[in-house]
Every structure is written in C-alpha cells, then in structure tokens.
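The structure under discussion appears below in the form of structure tokens.
The values are calculated or read from the model by the stated rules, or taken from the named source; none is laboratory data. Small disclaimer: the values here were computed from a predicted structure and weren't measured. As a convention, Cβ positions derive from the backbone with ideal geometry for all residues, glycine included, and neighbour counts pool all protein chains shown. Surface accessibility is based on the protein's heavy atoms, side chains included, excluding ligands, DNA and RNA. Shrake-Rupley method; radii C 1.70, N 1.55, O 1.52, S 1.80 Å.
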Amino acid sequence: MGLPEEPAVERRTSNSDEERDENRLAQFGYKQELKRDWGLAHNFGVSFSIISVITGITTLFSYGLNTGGPAVMSIGWIVVSFFTLLVAIAMAEIVSAIPTSGGPYFWAAMLAPPRWSPFAAWLTGWFNLLGQVAVTTGISFGLANLIPTAIVVKNPDFVPTPRVTVGIFAAILISHGVVNTFGVRILRYLNNLSIVLHSAGITAICIAVLVKAPKHQPASFVFGRFNDGTGVDGGDGWSIRASPAYIALCGSLLSQYTLTGFDASAHLSEETKKASWSAPIGVVSSVGFSAIFGFFVLMAFLFSIQDFEGTLDSVYGQPVLQILVDVCGEDGALVLFSLIMICVWHCGLFSMTSNSRMMFAFARDGGIHPFFHKVDHRFRSPVRAIWLAATLSFILSLPSLGSSVAFAAATSIATIGLYISYGLPILIGVVCHQSFKAMKGPFDLKGFSRPIALAAVVWIAFITVVFCLPTANPVTSETLNYTVVAVGILAVGSVGSWVFWARRWFTGPAADVAEAMRLGVDVTEPGALEEREEMERKGGEKAGTKEVSS
C-alpha cells in the first residue's frame, strides 16, 4: 500500500519545478508555448553538439595548417579555450538570471537602462541572428564539402563543382528542416545519440588513429612547427609582409570558430526544466568539456601526421581525410570519415534548432515579422522559424558559387556575429551592474562577476578586429576577407534602420517587464511594480530634500 505514494511525491516535485519554470517565464511577460521536457543533460548536449569540436577541427584543419601550422593550432587552442571559458562563465550568470529563448538580445534589453533598452535589443538581436545563420551555414556547408571529398577517395575522376556542393548543401538543410519540423519529439533521443557519437565515437577514432599510426611526430613538431601558407601564387606570406605574430592571431580562427554556438543552451531554456540552473550549467560545461575534448582530438591528428607536405597538399583536398588514409588505408579511412560526417550532420541539425528558437523569440518581440512567431500545436515546434533559418542559410551560401574564400568568410562572420551578440549584454551588465545584481539567479559569481565579464568583453573586442584581417597575400578581389564587409553592412544596416524607422515602433521586450527586472520585483504580482516605483520616487524626493537643506 505504501508503494503508490512515492510516484505521487515525484509528480508533485515535478509539477512544482514545472510551475516554477512557467512562473519565471511569466515574469518576463510570456506564456509557456514550447514543450518543456529537456533536462540538464539534454541542454548540455545541444550546446556540446553545436560546438562539435570534430566539426570545427575537420572543416578548418587545412586553414589551420596553412595559417600558422601545428604550433599555432595547438598553443592557440589552449589560449582561446581559456578566454572562451571566461565568456561562457560571464554569459552563464546572465542566463541564470534571464532564462528565455531570446538569449542575448533579451538579456541586453533587460540589462540596459530604459531609454536604451529597445536599441540594445535591436542591435544585439540582429548580430545574434546573423551569427546563428552563419554558424548553420558554416556547419552544413562544411558537410557539403566533406561528402564529395569522401566520394573522390574511390572515384578519383569525380570533380565536385560549386553547383554540386551547393546542391548537396540544400539537401542537408532540407533534412535538418524536416527533422526539426516533424521530429521535435525525437530530438531528445537524437541529442543523446549525438552526445555518444561526439564523445565515445570520436574518442574511438582518435585512439584508432594513434594506435594505427606507423610513426608519431615529436612534441617539437606539434608545439613548435610553424608554417606560413598565406602567400598566393608563390608570393610571400603574411609572416614576411607583417610578422609571425600576425599569422598566429589569424590562425586562432580554427579554435575560436570551433568553440562557438554555446548560446544554444540559453535559446533552449524555455524547453528546459529548472532553466535558471540547468541552462547556465549547460553553457559552461559544454565549453569546458569541448575545450578538453577538442585538445585531445587535435593532438591525435597532429601527432599522427605522417608527411606534413603530403598532408598539406593532399590529393583529396582534405588533410584530416589524408591523415586517416595514411594511417588506416582508404577503406578504413572512409569508415572513420563517415562517422565524422554523421557527427557534423548532427551538429548542423541542432544548430538549426537553436537558430529557429532565437528567430521565434525575436519575432515574438517584433524584431522580425510576427509571422515567424508561430508554434505548430500538433508538433510543438516553431515551424515557420525553422524554414526561415534554412532559407537564410542557403542564401548565405550562394557567394561560394563564385568565390573560393566564401566558406572561410562564413566561419569568420559566424564567429564575429555571435561573439558580438554575446559581448553586448555582458558589457551592459558591467556598466549597469547594480541593476544586474537585482536580477541574478542561482548561478551568481558575486565578487568575480565584473572582473570576469570585463575580461570577456576585452577578448571579444580583440577577436572582432583580428578576424576581419586579410589572411591571403596579396589581397585581391578574390582573396579579400569579406567578413569586414558583411559585419560592416549589418552594423550600418541595423543602426541605420533603427535611426530612420525601427525606433518608432520597436519596443523590444515589454517595458514593464524590463523595469520590474531592474527593480527586482515580480511583474506577475498585482500592484508590485507600481508600489516599488512609488517607493523609489519617494526615496528620490527625500534625497533631493536633504540636498536642498544642506
């Protein structure tokens, strides 16, 4: 007779957690529309899958070898991981206070002074949207390049054209859109599978490569071999025209692009249980584990290079595939490379999941057309936002039809766009720290809050400049780093549109909600906001009276 009572207690606890999450969301002025059935492991898994160290390392390995070589790749990974973890910790504190699907743009609106709140939300939202779209493009377009590369192994006469690659890319986007539309109930299970593939699967690949390698490079090669392949058509590279330090800075793109996209834990907070705790832990842990795991993956590949020049100028055009072929033969390499491509597919899938949630929330607050703020009640997914994400990613890939540097530009745009959107609310939190203190959730850095946030902002400002620099010499119309053009257009466009028309109608998240958050009151409690504002007004009057009398 005592056994049935235990499930009843569990249900009350579960309902209590669910009610707290829904009440917290209601304090931000929103009702629960998305299905909240994700736990901490799932929340972590999405960011871990989107970071997907095997995706970034594989797709940019050639870039890394040419822009600094093994020394920059290995040491750069350690340096970038440290500063990225600071960014993640600073973000986690804000996520804990404001766990909504809007993520960075909503944080900026809540943290900024009332006068600047709409503009902060508008600017941050558009940078986050650009970064999200570029990340999805970079991941899935990277896979679209890997597939024909694998085909070449057994079919040397096959020559993939840009049109073929774009066609494969379109098919990949459609597969991601279909799963996100109709398979929202199985996303959790695909997430679990993705975690296993990205951890156990990739670990098995690395161990196999290390064990099968006929020889291993010495540590002096992995941590000391510098290579400058930035010269075009036999010309001098940037290490001669500028300095090796210039190459090292540009080469850090491999590490920084790979450790990107962890805001997914925030965008999925409205679908996560105990979001004020699970979402910030998801942000920090995904970066921490990815930094450690990614270093292991990078070391496995670098130590297993058999012939540096042969790997650099691989007949397949893909150095990771060349390493696998040199170590395991063509058949074994294709098996391992197929597992890598499956991981990349999962990475793109969850990137679109995160992207669509951001667009859904931005449309909810008027940042983009409200047509995209629609949840399909049958599938409990933002279907319109999903296909908007797919369409914009496809459009961003079209320059690759006529430019050989389009993919590298997409990775830079993704990195800069996302990190600027991370940095703006962190910076606002530093400047308006007293308001932020009233909002803080259970993940509270206390005295370390401002120093960590300031270090994160400085790092983001630094990489924003670095990744706009040209990486090929001489600089021509074909080798120009178009990142600065794309980011510049977005910056001018978002600010210009705000000045000329958006400021007249875009209010961002509800002003009452923002004010209640700053004052530390529950907006769902009748009269609480008005009472607190009256207290603040009277306090201000008393302070003014004292100044006059003195």
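Whenever a residue of segment 376-393 is hydroxyl-bearing (Ser, Thr, Tyr), its partners that are modelled with pLDDT of 95 or more, lying with C-beta atoms within less than 8 angstrom and at least six residues away or across chains, give the pairs Ser393/Leu173. Being surrounded by 13 or more Cβ atoms within 10 Å (Cβ to Cβ), of a type outside the set (Phe, Trp, Tyr) and at pLDDT 85 or above is a property that Ile460 has.
Filter segment 1-57 down to residues that are closer than 28 Å to Ser140 by Cβ and either modelled with pLDDT of 70 or more or open to solvent by 60 Å² or more (accessible area, probe 1.4 Å) (or both), then give me how many there are.
To start, the set of residues in segment 1-57 that are closer than 28 Å to Ser140 by Cβ comprises 33-57.
Checking the rest, the ones that are also either modelled with pLDDT of 70 or more or open to solvent by 60 Å² or more (accessible area, probe 1.4 Å) (or both) come to 35-36, 38-57.
Residues meeting the conditions: 22.
For segment 259-334, list the helices (runs of 4 or more DSSP H) that sit wholly inside it and hold at least 3 residues that are in contact with a Ser or Thr (Cβ under 7 Å, 6 or more places away or on another chain); which are they? I'd like the intermediate steps shown before the answer.
Numbers: elements: 264-267, 275-303, 308-312.
Answer list for segment 259-334: 264-267, 275-303.
Just to be sure before I move on: is Gly131 out of contact with any Ser or Thr (no Cβ under 7 Å at 6 or more places or on another chain), closer than 21 Å to Ile413 by Cβ, of a type outside the set (Lys, Arg) and modelled with pLDDT under 95 in the structure I sent? No; evaluated as a whole, the condition is false for this residue. Anything in segment 463-500 that is loosely packed, with under 14 Cβ neighbours inside 10 Å and at pLDDT 90 or above? List them, or say none. Residues satisfying the conditions are Val465, Val492, Gly493, Gly496, Val499, Phe500. Within segment 82-98, the residues that satisfy the criterion of being open to solvent by 10 Å² or more (accessible area, probe 1.4 Å) and either charged (D, E, K, R) or more than 14 Å from the chain's Cα centre (by Cα) (or both) are Phe82, Phe83, Leu86, Ile89. Quick check: is even one residue across segment 60-78 in a helix (DSSP H, G or I), under 24 Å from Thr353 (Cβ atoms), at pLDDT 90 or above and under 22 Å from the mean Cα position of the chain (by Cα)? Checked segment 60-78: at least one residue is in a helix (DSSP H, G or I), under 24 Å from Thr353 (Cβ atoms), at pLDDT 90 or above and under 22 Å from the mean Cα position of the chain (by Cα).
The rows are residues; the columns are (1) under 30 Å from Ile305 (Cα atoms); (2) among the basic types (Lys, Arg); (3) buried (at least 24 other Cβ atoms within 10 Å of the Cβ).
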site	(1), (2), (3)
Leu321	yes, no, yes
Met359	no, no, yes
Asp365	no, no, yes
Lys374	no, yes, no
Arg384	no, yes, no
Leu388	no, no, no
Phe394	no, no, no
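Go through the residues of segment 529-550 one by one and say whether even a single one is at pLDDT below 75, touching an Asp or Glu at 6+ places or on another chain (Cβ under 8 Å) and farther than 24 Å from Met358 by Cβ. For segment 529-550, residues at pLDDT below 75, touching an Asp or Glu at 6+ places or on another chain (Cβ under 8 Å) and farther than 24 Å from Met358 by Cβ: present.
Could you please find all residues in segment 398-433 being polar (S, T, N, Q) and modelled with pLDDT under 85? Residues satisfying the conditions are Ser400, Ser403, Ser404, Thr411, Ser412.
Tell me which helices (runs of 4 or more DSSP H) are completely within segment 359-445 and hold 2 or more residues being under 30 Å from Thr479 (Cα atoms), or say none if there are none. Write out each step before concluding.
Numbers: elements: 383-397, 406-431, 433-439.
Fully inside segment 359-445 and qualifying: 383-397, 406-431.
Residue selection: Gly224 satisfies the criterion of being modelled with pLDDT of 95 or more and over 20 Å from Gly56 (Cβ atoms).
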